[in-house]
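The values are calculated or read from the model by the stated rules, or taken from the named source; none is laboratory data. Since the model is a prediction, treat every value here as computed from it, not as a measurement. Cβ coordinates were reconstructed from backbone atoms using ideal geometry, including for glycine residues, and neighbour counts include every protein chain displayed.
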Amino acid sequence: MLLEFTERGIFCPQADVYIDPWKPVAHAVITHGHSDHARWGMGRYLCHRDTEPILRLRLGPDIVCQPVDYKETVIVNGVSISLHPAGHIIGSAQVRLEYKGEVWVVSGDYKLATDGLSQPYEPVRCHHFVTESTFGLPIYRFPEPLQVFADMNAWWAANAAEGYNTVLLGYALGKSQAILQHLDPAIGPVFLHGAVANVNAALATIGKDFRGERITAETDRNAVKGAAIVAPPSALGSPWLRKMVPYRIAMCSGWMQLRGARRRKGVDRGFVLSDHCDWDQLNRAVAATGADQVYVTHGYEGPFARWLREQHGIQATEVHLQGTETTEDEA
Amino acid sequence: MKRFARLFTAIDQTTKTNDKVAAIVDYLKDSDDRSSLYAIALLIGNRPKRPVNTTLLKQWAAELAGIPFWLFEESYHVVGDLAESITLVLPPPTTGADYPLPDVIERLAGLPELEEVRKKEFIVRHWLELDADQRFVFTKLITGNFRMGVSRQLVTKALAKHLDMDESAVAHRLMGKWVAADETLESLFAERPDGTRDFQPYPFYLAYALEGEPESLGAIDDWYIEKKLDGIRGQLIVRNGQLFIWSRGEDLLTDKFPEFAGLANALPDGTVIDGEIIPWRDGRPLPFQVMQTRIGRKNLSQRQLKEAPLVMVCYDLLEWQGTDIREKPLQGRREILETLLASIKLAHGVLLLSATLAFNQWNEVEVFRKQARGFHCEGVMLKRRDSAYGTGRRKGGWWKWKTDPLTVDGVLIYAQSGHGRRANLYTDYTFAVWDDAGALVPFAKAYSGLTDKEIAELDNWIKRHTIDKFGPVRSVTPHHVFEIAFEGIQQSTRHKSGVALRFPRILRWRRDKSVDEANTKSDLLQLIAAVNG
């Protein structure tokens, strides 16, 4: 086997590299900058050029990092390794490994829907495909992102008209920028939680600029009136949030597809906005790779693997990677 | 139905009660009478019967979605709500159809008479035509567990605003199982001549639990103190020679209690009594389980009537000689009640007076409360002598002060995902104690008692320590110990452990205890002997 599923992560013995390892190893290929994929303590990091500033922001400026472009091939002990757009967030990549004519692709996190930000997903033909299944059930069929952003702007405008601030919760890296990209500046000012502002600052170093002003102790409360405020989910229930009163608050996540998840959060609105594949996208993606061996991780491994076996005649197996229960704040 | 679906969405999308009330008022303003009535009925939980069994619904939905049945079931486990699962898996709607809400409800009510193919044809057509919000509401109407996320109090508030009526008058008119098809807004809410609403109960006055010290209530002489019994709260109505008995959950239970049949003649017309219906023998109540075995039965045998003879322990009089006396001070109401119960020779002795307990000081009440089980009650009720009979749950006039629960330390062995707000989260737990052979035997299921934070933490742990999965249930490594509280304990042949608990819930997570320190089955048996001895 070119790749093995080990307790440190997905391992390629021939090249001696791990993909998104969760324990310290010498050589790591990182699919994208989210903290459950990019961890501390690796000897060397190989990642896409746009992921580098995020790794340095989160893991420290001194990490040893080799940035590459999409489709640029690095050969390690006979194994050709290249990164391909995954459409998940800025800089996110699928990892393609080829050795003696056998091709494996590790998707990392990915989506087929476009967000206007990350380089759109490109299918990569392979024999062995490792796919996530965060939303691998037929109940997850997401609405058109543009429609969701239109609803979001309409809600913001209505809140502003009633004298409320609008707090939008989304993961600081990826979701927040997608929201910022689509907020209609004609409605009002846009403010940022510090965690979002930090990510924006890191992305500015590679020429990706996003609107919004960081909220600090000095920020004039009157200026915030009727504003949209973008914050990470961890802001929910925090003292920071109390300062935004009066507000209406929404969570932006694929989990918001289910009423139960939204009610549990106790938010006013849930916007179904995800940087993962929904059910239809997963099925399209698997078909497009042409793979006859599929390894299903991260999510509904069991049901999705069984579905692929029964409906598509693909040899699909479920793989349980450690420490990969996605929380509702992500995705 | 589009407007009703929009109302549902509006209510669903806010956590703020004022917004919910405003949404209902808006709906009523723009709706015709008939739609309003049907909507009100749904809002307060008068929902239609389930016209189709759920297995068929699942099969039809899976078929339309092009997925195998097992995958639908998997999805349903995750969503935790059947109507929502169906809404989500179905293909996008074909048209933006809209039908009047009353018509849809009436067609659904007629559905049971149709053949299966006709049922399917009707339901599938609606599924494919209605947009997502309507599809959800429509399916909710079929699956029967329709809850709107508004309390009755909010609906009452909105109606009072809309009709410009007093809230407590609206609450009163909404009582009882009225049928939307037989009413108009006028017939339901306008002043009516006598005799047209003989069945209608008054809204029950409910007490909050006393949290602080009883001394805060002032002089003990201002209060009636009664035993808090563990029966069924009921309202007994005699009007125009007819008897009606309502439970607090607004079920009409007259036929379930043949013991009371003679009261239609024994009590004067225009009498409404509030009290506790409870099995009783030899001057004291029988355990609640005795009641449970009989309440579910359609037909009562002589034996059951003999084994679980019921009485009503009466504590309040709401209507006397046809006049609503709820505004009178309790002392006055109680005096009439006492005279009434003393004067009529109720041969069967089915109406007892709830005795007041004589205490000189609050600390004596505290001592009694602590030993309440020994006195066959679950604590005390404190009622201000000058209190009016209120509507719904109000603070001030009445308080309940229950005895401390019994507790046992149990080991978490199974977890199941919850429903609604707790869908896709392991929140329903089964706990076990050790038997003599050193095996863990399940003795209690509990759903509540943990904070959201604890639930999230435990959920995470459960997902990583699963031994086995059976459908929605996971067995987990025996590791965590919880203190389980409950109100009563009885021997039972229906439970594997041989015991049945009343109102089990989680009191706290005993992180300080290892599984070896959990209780044993023989501890439970000793507790049964001690409590029921």
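Give the number of residues within segment A:276-323 that are more than 22 Å from B:VAL79 (Cβ to Cβ) and not hydrophobic (A, V, I, L, M, F, W, C).
The qualifying residues number 15.
Would you please name the residue that is nearest to the chain's Cα centre (by Cα), looking only at residues in segment A:17-75 that are among the acidic types (Asp, Glu) and either buried (at least 18 other Cβ atoms within 10 Å of the Cβ) or farther than 16 Å from A:ARG96 by Cα (or both)?
It comes out as A:ASP36.
Please report, ordered by residue number, the helices (runs of 4 or more DSSP H) entirely within segment B:78-173 with at least 1 residues that are hydroxyl-bearing (Ser, Thr, Tyr) and touching a helix residue (DSSP H, G or I) at 6+ places or on another chain (Cβ under 6 Å).
Working: elements: B:82-89, B:101-110, B:116-129, B:132-143, B:152-163, B:167-173.
Fully inside segment B:78-173 and qualifying: B:82-89, B:132-143, B:152-163.
Residues in segment A:238-270 that are closer than 20 Å to A:ASN165 by Cα, surrounded by 18 or more Cβ atoms within 10 Å (Cβ to Cβ) and within 11 Å of chain B (Cβ to nearest Cβ): how many?
Residues in segment A:238-270 being closer than 20 Å to A:ASN165 by Cα, surrounded by 18 or more Cβ atoms within 10 Å (Cβ to Cβ) and within 11 Å of chain B (Cβ to nearest Cβ): 9 in total.
Any residue at all in segment A:201-214 that is out of contact with any Gly (no Cβ under 6 Å at 6 or more places or on another chain), of a type in the set (Lys, Arg) and surrounded by 19 or more Cβ atoms within 10 Å (Cβ to Cβ)?
The answer is no; no qualifying residue exists.
Going by what's in this entry, would B:ASP131 be described as within 14 Å of chain A (Cβ to nearest Cβ), at pLDDT below 90, surrounded by fewer than 18 Cβ atoms within 10 Å (Cβ to Cβ) and under 29 Å from B:SER31 (Cα atoms)?
Considered against the rule, which asks whether it is within 14 Å of chain A (Cβ to nearest Cβ), at pLDDT below 90, surrounded by fewer than 18 Cβ atoms within 10 Å (Cβ to Cβ) and under 29 Å from B:SER31 (Cα atoms), B:ASP131 comes out as yes.
Which one is modelled with the lowest pLDDT, of the residues in segment B:438-455 that are surrounded by fewer than 16 Cβ atoms within 10 Å (Cβ to Cβ) and farther than 16 Å from B:PRO478 by Cα?
B:SER448
May I ask you to list pairs of residues, at least six apart or on different chains, whose Cβ atoms are under 6 Å apart, with the first in segment B:239-261 being in contact (Cβ under 8 Å) with a residue 60 or more places away in the chain and the second being of a type in the set (D, E, K, R)?
B:ARG239/B:ASP198; B:ARG239/B:ASP269
Can you pull out the residues in segment A:179-200 that are assigned to a strand (DSSP E or B) and of a type outside the set (Val, Ile, Thr)?
The answer is A:PHE191, A:LEU192.
Does segment A:10-33 include one or more residues that are at pLDDT below 95 and part of a helix (DSSP H, G or I)?
no
Identify all residues within segment B:419-431 that are part of a strand (DSSP E or B) and either modelled with pLDDT under 65 or facing chain A (nearest Cβ under 8 Å) (or both); write none if there are none.
Listed by number, the list holds a single entry, B:ALA423.
Residue by residue through segment A:34-51, note down the ones that are without any contact (Cβ under 8 Å) to a residue 60 or more places away in the chain and not in a loop (DSSP other than H, G, I, E, B).
A:ARG44, A:TYR45, A:LEU46, A:CYS47, A:HIS48, A:THR51
Could you tell me which residue of segment B:238-283 is surrounded by the most Cβ atoms within 10 Å (Cβ to Cβ), considering only residues that are farther than 16 Å from B:LEU337 by Cα and β-branched (Val, Ile, Thr)?
Looking at residues that are farther than 16 Å from B:LEU337 by Cα and β-branched (Val, Ile, Thr), I get B:ILE277.
Taking the criterion of being surrounded by 18 or more Cβ atoms within 10 Å (Cβ to Cβ) and within 30 Å of B:PHE359 (Cβ to Cβ), would at least one residue in segment B:186-197 satisfy it?
Within segment B:186-197, not a single residue is surrounded by 18 or more Cβ atoms within 10 Å (Cβ to Cβ) and within 30 Å of B:PHE359 (Cβ to Cβ).
If you scan segment A:272-305, which residues turn out to be charged (D, E, K, R), buried (at least 22 other Cβ atoms within 10 Å of the Cβ) and more than 14 Å from chain B (Cβ to nearest Cβ)?
Initially, segment A:272-305 is screened for residues charged (D, E, K, R), giving A:275, A:278, A:280, A:284, A:292, A:301.
With buried (at least 22 other Cβ atoms within 10 Å of the Cβ) added as a condition, the list becomes A:275, A:278, A:301.
Scanning segment A:272-305 gives a single hit, A:ASP275.
For segment A:245-275, enumerate the residues that are touching a residue at least 60 places away in the same chain (Cβ under 8 Å) and of a type in the set (Gly, Ala, Ser).
A:ALA250, A:SER253, A:GLY254, A:ALA261, A:SER274
Just a yes or no: is a residue in segment B:211-220 touching a residue at least 60 places away in the same chain (Cβ under 8 Å) and within 30 Å of B:THR94 (Cα to Cα)? So that I can check it myself, show each step before the final result.
The initial filter retains those residues of segment B:211-220 that are touching a residue at least 60 places away in the same chain (Cβ under 8 Å), namely B:213-215, B:217, B:220.
Applying the additional criterion that residues be within 30 Å of B:THR94 (Cα to Cα) yields none.
Checked against the condition, which is being touching a residue at least 60 places away in the same chain (Cβ under 8 Å) and within 30 Å of B:THR94 (Cα to Cα), segment B:211-220 yields no hits at all.
Quick check: is even one residue across segment B:54-61 under 30 Å from A:ALA305 (Cβ atoms), within 14 Å of chain A (Cβ to nearest Cβ) and buried (at least 21 other Cβ atoms within 10 Å of the Cβ)? Give the derivation first.
So in segment B:54-61, the residues under 30 Å from A:ALA305 (Cβ atoms) come out as B:54-61.
Adding the requirement that they be within 14 Å of chain A (Cβ to nearest Cβ) leaves B:58, B:61.
Checking which are buried (at least 21 other Cβ atoms within 10 Å of the Cβ) leaves us with B:61.
Yes - at least one qualifying residue is present in segment B:54-61.
Restricting to segment A:184-209, give me the number of residues that are in contact with a helix residue (DSSP H, G or I) (Cβ under 8 Å, 6 or more places away or on another chain), under 23 Å from A:ASN159 (Cα atoms) and without any contact (Cβ under 8 Å) to a residue 40 or more places away in the chain.
The qualifying residues number 5.
Residues of segment A:149-164 being surrounded by fewer than 24 Cβ atoms within 10 Å (Cβ to Cβ) and more than 14 Å from chain B (Cβ to nearest Cβ), which ones? Full working, then the answer.
Of segment A:149-164, the ones surrounded by fewer than 24 Cβ atoms within 10 Å (Cβ to Cβ) are A:149-155, A:157-158, A:160-164.
A:PHE149, A:ALA150, A:ASN153, A:ALA157, A:ALA160, A:ALA161 - these are the residues of segment A:149-164 that are surrounded by fewer than 24 Cβ atoms within 10 Å (Cβ to Cβ) and more than 14 Å from chain B (Cβ to nearest Cβ).
When segment B:95-122 is examined, which residues are found to be within 32 Å of the chain's Cα centre (by Cα) and acidic (Asp, Glu)?
Listed by number, the residues that qualify are B:ASP103, B:GLU106, B:GLU113.
Given segment B:290-384, what strands (runs of 3 or more DSSP E) lie entirely inside it while holding 2 or more residues that are of a type outside the set (Lys, Arg) and surrounded by 20 or more Cβ atoms within 10 Å (Cβ to Cβ)?
Hits in segment B:290-384: B:310-320, B:379-384.
Has segment B:459-481 got at least one residue that is within 14 Å of chain A (Cβ to nearest Cβ), within 15 Å of B:SER417 (Cα to Cα), within 25 Å of the chain's Cα centre (by Cα) and free of Cβ contacts under 8 Å to residues at least 12 places away in the same chain?
The answer is no, given that none of the residues of segment B:459-481 is within 14 Å of chain A (Cβ to nearest Cβ), within 15 Å of B:SER417 (Cα to Cα), within 25 Å of the chain's Cα centre (by Cα) and free of Cβ contacts under 8 Å to residues at least 12 places away in the same chain.
In the list B:TYR27, B:TYR76, which residue meets the criterion of being more than 10 Å from chain A (Cβ to nearest Cβ), buried (at least 20 other Cβ atoms within 10 Å of the Cβ) and aromatic (Phe, Trp, Tyr)?
On inspection, the qualifying residue turns out to be B:TYR27.
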